[in-house]
Amino acid sequence: MNPRQRISELTEEIRDHIFRYYVLDNPTVTDAHFDKLMRELEQLEKEHPELRAEDSPTLGIGGGFATTFEQVDHLEKMMSLDNVFDSDELNTWFDRVAKDAPDAKWLCELKIDGLAINLRYEKGLLTKALTRGNGTTGEDVTLNVK
């Protein structure tokens, strides 16, 4: 299979998994399998940047939205965490970050999958609770959080 075909196949499969995970709340693959697919797509896009689509799943975070909640823009973009799967990847990441922050103190924790939420308070009172959504716009779940 040529790179163009594989990128197309991976993109379609990843989008389906994103929809099932974020919209239907019914994933059909493990997080590890999903991450493996994303890494393969990222590698192919790195090797063939001319084949990367403007809306590639590698360029975004999160997924679509369920239709039962109002969509609200975040005041600041909510980012996602990268994964590290072995000590070589951790060392590569550490070396890259340490160049910019040589005196930084470090704390490493396990990344636990779950729901990211942005809570807004005014004068100590919760006024808005938004899911991460696509990082720019989230779903208003304030009533569920209160």
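Derivation of every value follows stated rules applied to the coordinates shown; laboratory data play no part. Keep in mind that what you see is a predicted model, and the values were worked out from it rather than measured. Cβ sites come from the backbone with ideal geometry, for glycine too, and all protein chains shown count toward neighbours.
For segment 55-127, which trypsin sites (Lys or Arg not before Pro) pass both filters: DSSP loop (anything but H, G, I, E, B) and at most 12 other C-beta atoms within 10 Å?
The qualifying sites are LYS77, LYS105, LYS111, LYS123.
On alpha carbon coordinates alone, what is the Rg over Rh value for segment 1-59, Rh being the Kirkwood radius?
Ratio value, two decimals: 0.98.
Using the Cα centre as the reference, give the magnitude of the dipole from point charges on the C-beta atoms of the chain (Lys, Arg: +1; Asp, Glu: -1; all else neutral), rounded to the nearest 20 debye.
Charge dipole, the chain, about its Cα centre: 460 debye, nearest 20.
Among the GluC sites (Glu not before Pro) within segment 90-146, which fall in a DSSP loop and have no more than 14 other Cβ atoms within 10 Å of their own Cβ?
GLU109
Report the residue, chosen from ALA53, ALA104, ALA129, that carries the largest GNM mean-square fluctuation when the chain is represented by alpha-carbon nodes joined by springs under 10 Å.
Sorting by GNM fluctuation, first place goes to ALA104.
Which of LEU125, LEU107, LEU44 moves most in a GNM of the chain, Cα contacts under 10 Å?
Sorting by GNM fluctuation, first place goes to LEU107.
Tell me which label goes with the value of percent of Cα pairs over 22 Å apart computed from the coordinates here: [x] 39; [y] 53; [z] 43.
Computed from the coordinates, percent of Cα pairs over 22 Å apart corresponds to [y].
Tell me the chymotrypsin sites (Phe, Trp or Tyr not before Pro) within segment 61-146 that lie in a loop according to DSSP and have at most 12 other beta-carbon atoms within 10 Å.
PHE85, TRP106
In the Gaussian network model of the chain, springs joining C-alpha atoms below 10 Å, which of GLU40, GLU54, GLU13 carries the largest mean-square fluctuation?
The residue that fluctuates most here is GLU54.
State which entries of LYS77/LYS128; LYS77/LYS105; LYS46/LYS105 exceed 23 angstrom in Cα-Cα distance in the structure shown.
With Cα atoms farther than 23 Å apart: LYS77/LYS105; LYS46/LYS105.
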